[in-house]
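Each value in this text was obtained by applying a stated rule to the coordinates, not by laboratory testing. None of the values given here were measured: they were computed from a predicted structure. Every residue, glycine as well, gets a Cβ built from its backbone with ideal geometry; the counts of neighbours run over all protein chains shown.
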């Protein structure tokens with residue numbers, strides 16, 4: 001099973017975390033599949049950098065977020081209160097469909113070859 005969880009980085013008593021996608025059986029700071037963001041609780045306010053497109057991709061593929069990541073994803077409005085993924089309508093997700101549709105339609109008066 002694939003999980004989205006926090007990987008501890010930084011110095012002693014000055015930790016920050018990378019948000020990674022990894023196999024459930026891997027250790028906390030061990031092997032991972034992909035890094036999709038960072039979380040720094042030491043700044044005021046807490047700093048979160050998240051690649052939302054990749055997070056949505058992994059949630060749709062069935063990755064289970066850990067408890068800490070659930071809290072971060074709720075703030076980013078990627079999952080609801082029950083923990084179910086929310087399908088956002090954004091320009092990043094809709095862009096490939098919007099670009100593909102006009103190219104399939106021929107211009108008026110154009111001759112098909």
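Here the average projected area of the convex hull drawn through the C-alpha atoms of region 2-96 stands at 6.7 nm². The simple Förster model, with R0 at 30 Å and r as the Cβ-Cβ distance, assigns residue 76 and residue 1 a FRET efficiency of 0.85.
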